[in-house]
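The structure appears below as structure tokens.
A short reminder: the numbers here are calculations on the coordinates, not readings from a lab. As the structure is a prediction and not an experimental result, all values here were calculated from the model. Methodologically, a virtual Cβ is constructed for each residue, glycine included, from the backbone with ideal geometry; neighbour enumeration extends over all protein chains shown.
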Amino acid sequence: MLTEGRFTRYILYALGEIILVVIGILIALQINNWSEHQKEVRLEQEYYCRLAEDVVSDQEQMLNLISLAEDRLKFSNDAVRLLLNEEAKKIEAGQLIALSTRAIYSDFQLNNSAYEDLKSGANLNIIRDKTLIKTLNEYFNKVEELKSIIMINGKYAVDIAFKHTDNFANGNNQASILSGRFSKGLDEDLKKAFPIDRNETLTDEMKERLLGEALEYVSVNTRQVELYGLLLSEIDELLELLGEKCASE
């Protein structure tokens with residue numbers, strides 16, 4: 001082509017080839033970028049759904065804790081009602097007091113495996129909605145704050161119960177032998193070593209003490225229900241947000 005004086009046409013042809021190669025490379029890069037973006041979008045949605053699953057677990061756990069707290073509140077009210085009676089039986093008092101404090105020191109176990117996985121890798125930037133990251137941080141901080149108050153209240157109630165040095169005088173041991181841990185843990189011959197009078201009543205002094213404690217349990221359990229309710233509200237709000245993200249992305 002050069003010998004025939006077609007230099008200009010050769011240059012144009014060569015430039016055309018170069019342009020075609022460049023266009024091909026740009027198209028390949030664009031396709032690759034699009035593919036990588038789609039992977040990131042899918043991964044982002046996966047994290048939204050995993051986060052939502054964790055919060056659902058939190059919600060289920062919280063509903064159970066609320067149910068237990070409401071039961072304790074009912075039993076503590078029943079204990080007050082019993083102890084206001086002139087003839088309050090030891091066994092009934094022991095049973096109701098035990099039920100008033102059952103699982104009162106339970107700790108809420110936060111499910112944050114997806115969030116910890118998100119933070120530990122290089123995936124945090126995949127979440128495009130940065131306000132969601134802020135919301136998650138605020139949620140975890142709020143949970144820890146409320147948990148600490150719940151545990152303090154629960155410990156207060158447990159400490160009251162453990163101040164008793166004679167659990168036969170307050171009916172706790174008798175109640176446990178009939179329907180509590182002793183009913184399962186003690187051998188039958190040992191149970192017989194502790195004859196139980198189902199009609200035995202509390203002394204006036206013990207009845208007065210237990211009445212004051214039962215009122216404290218009413219107060220603690222009322223507060224537990226309130227605190228668990230606040231946690232459930234936080235959980236419900238976050239779950240609604242994550243549920244929308246999981247479904248819409």
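A 19 angstrom limit on the alpha carbon distance is what I want to check against. Which of Lys90/Lys207; Lys155/Lys191; Lys155/Lys207 exceed it? List each step's numbers first, then the result.
Details: Lys90/Lys207 9 Å; Lys155/Lys191 30 Å; Lys155/Lys207 23 Å.
Beyond 19 Å between Cα atoms: Lys155/Lys191; Lys155/Lys207.
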Quiz item: Hey, if you put +1 on the Cβ of every Lys and Arg and -1 on every Asp and Glu Cβ in segment 130-173, which of Ser148, Ile160, Ile133 ends up farthest toward the positive end of that dipole?
Solution: Ile133
Practice problem: Among the listed pairs Lys74/Lys130; Lys39/Lys147; Lys147/Lys245, give every one whose C-alpha distance is greater than 32 Å. | Solution: Lys74/Lys130; Lys39/Lys147
Quiz item: Treating the beta-carbon of each Lys and Arg as +1 and of each Asp and Glu as -1, no other charges, what is the dipole magnitude of the chain about its Cα centre, to the nearest 20 debye?
Solution: 460
Quiz item: Going highest first, how would you order 160-169, 14-23, 81-90 by mean Cβ packing within 10 Å?
Solution: 81-90, 160-169, 14-23
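Order 185-198, 216-229, 136-149 from most to least packed using the mean count of other Cβ atoms within 10 Å.
Values: 185-198: 10.4, 216-229: 19.4, 136-149: 14.6.
Peptide ranking by packing, descending: 216-229, 136-149, 185-198.
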Quiz prompt | Using a Förster distance of 45 Å, the FRET efficiency for Asp159-Lys39 (Cβ separation, nearest 0.05) | solution = 0.25
Quiz prompt | Dimensionless Rg ratio for the chain, taking C-alpha atoms and the 2.2 N^0.38 Å reference | solution = 1.87
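Estimate the FRET efficiency between Ser183 and Thr222 by the formula 1/(1 + (r/R0)^6), using the beta-carbon distance for r and 25 Å for R0, to the nearest 0.05.
Details: r = 30 Å, r/R0 = 1.19.
For Ser183 and Thr222, the calculated efficiency is 0.25.
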Self-check item: Contour excess over end-to-end distance, with Cα ends at Asp197 and Asp107 and 0.36 nm allotted per residue
Solution: 28.7 nm
Practice problem: Would you calculate the separation in nanometres between label points at Val21 and Glu205, each defined as 7 Å from the Cα along the Cα-to-beta-carbon direction? | Solution: 10.4
Quiz item: Put a dot 7 Å past each Cα toward the Cβ at Ile133 and Leu215; how far apart are the dots in nm?
Solution: 5.3
Exercise. Indicate the gyration tensor shape class of segment 15-156 (rounded, prolate or oblate), computed on the Cα atoms with a ≥ b ≥ c the square roots of the eigenvalues: a/c under 1.5 is rounded; otherwise a/b larger than b/c is prolate and the rest oblate.
Key: prolate
